[in-house]
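Before any comments, here is the structure.
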Amino acid sequence: MQLLLVEDDDAIAEPLVEGLAREGFSVVRVASGRDALAGHHPDLVILDLGLPDMDGYSVCQQIRAVSAVPILVITARGDEGDKVLGLELGADDYLVKPFGFRELVARIRAVMRRVPEPAAEGVQELGPLRLDRRARKVFVGAGEITLSPKEYELLVLLAADPGAVVDRQTILEEVWDPHWYGPTKTVDVHVASLRKKLGHPEWIETVRKVGLRLGGALVGEG
Ligand code: CA
């Protein structure tokens, strides 16, 4: 997932770029409103309102005029009026500085979840794997694979951003329950079963101590 971070303050931007990259996001950072409007095509914009060259609200409005991309506003202005204005001008969410990094990541994921996946309606093909979300069917080559509901949800979650690492907490929250505190071994059992059913264990990679990602032929890695 591509993020565009619009933030002029290096002391804020640099750790964010690093942290977000560790979370598996690919981040382009710009430091001015003019650069923010210079033809980027991100999946989400993180927009600081206090920019040196332009009013952040105007940047927000100009992005929204040409694109439906989700915009997450970050600002030092904690005013309720600012928040309302930001949301009225098309921002999807609003975070007041100083905010915690986990909070930012949670907001990014929440905003992205509200955006309909382009593939959510139809059929997604990843190499020999075909996911038909409307019919909840999975095919490998010409053969249909029968998955349990959890196996299916897990595969769909990983396929939402092929190749990106999804951390275990997110998997537990998305596929199991937002308040899952049970044994995380449950995930391993379902992954093992899913790998077996797909017949290509390398398609679901375990990233040690982090989580899972789709790999191998599904993302053109051979
Ligand atoms: Ca600023």
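Being within 17 Å of the chain's Cα centre (by Cα) and closer than 30 Å to residue 208 by Cα narrows it down to one of 72, 20, so name that one.
Result: 20 is the single residue among 72, 20 that is within 17 Å of the chain's Cα centre (by Cα) and closer than 30 Å to residue 208 by Cα.
I need the full set of residues from region 15-67 which are touching a residue at least 40 places away in the same chain (Cβ under 8 Å) and hydrophobic (A, V, I, L, M, F, W, C), in order please.
Within region 15-67, 16, 20, 25, 44, 45, 46, 47, 51, 59 meet the criteria.
Restricting attention to region 200-212, does a residue exist that is in contact (Cβ under 8 Å) with a residue 24 or more places away in the chain, closer than 22 Å to residue 110 by Cβ and part of a loop (DSSP other than H, G, I, E, B)? It would help to see each step written out before you state the result.
If we filter region 200-212 for residues that are in contact (Cβ under 8 Å) with a residue 24 or more places away in the chain, which is where we start, we get 200, 203-204, 207, 210-212.
Of the ones still in play, those that are also closer than 22 Å to residue 110 by Cβ are 210-212.
Right, trim to part of a loop (DSSP other than H, G, I, E, B) and you get 210.
Taking every residue of region 200-212 in turn, at least one turns out to be in contact (Cβ under 8 Å) with a residue 24 or more places away in the chain, closer than 22 Å to residue 110 by Cβ and part of a loop (DSSP other than H, G, I, E, B).
Which of the helices (runs of 4 or more DSSP H) found entirely inside region 1-90 contain at least 1 residues meeting this: more than 15 Å from the ligand (Cβ to nearest atom)? Working first, answer last.
Working: elements: 10-22, 33-36, 56-66, 80-88.
In region 1-90, 10-22, 56-66, 80-88 are the helices (runs of 4 or more DSSP H) which contain 1 or more residues that are more than 15 Å from the ligand (Cβ to nearest atom).
So which of 128, 98, 70 ends up being farther than 24 Å from residue 187 by Cβ and not assigned by TED's automatic domain parsing to the domain that holds residue 46?
After ruling out the rest, the residue left standing is 128.
Which ones in region 198-220 are among the basic types (Lys, Arg) and crowded, with 16+ Cβ neighbours inside 10 Å? Before you say what the answer is, go through the steps one by one.
Initial filter on region 198-220 (among the basic types (Lys, Arg)): 208-209, 213.
The answer is 213, and nothing else.
The values are calculated or read from the model by the stated rules, or taken from the named source; none is laboratory data. Keep in mind that this is a model prediction, so the values were computed, not measured. All Cβ positions, glycine included, derive from the backbone under ideal geometry; neighbour counts span all protein chains shown.
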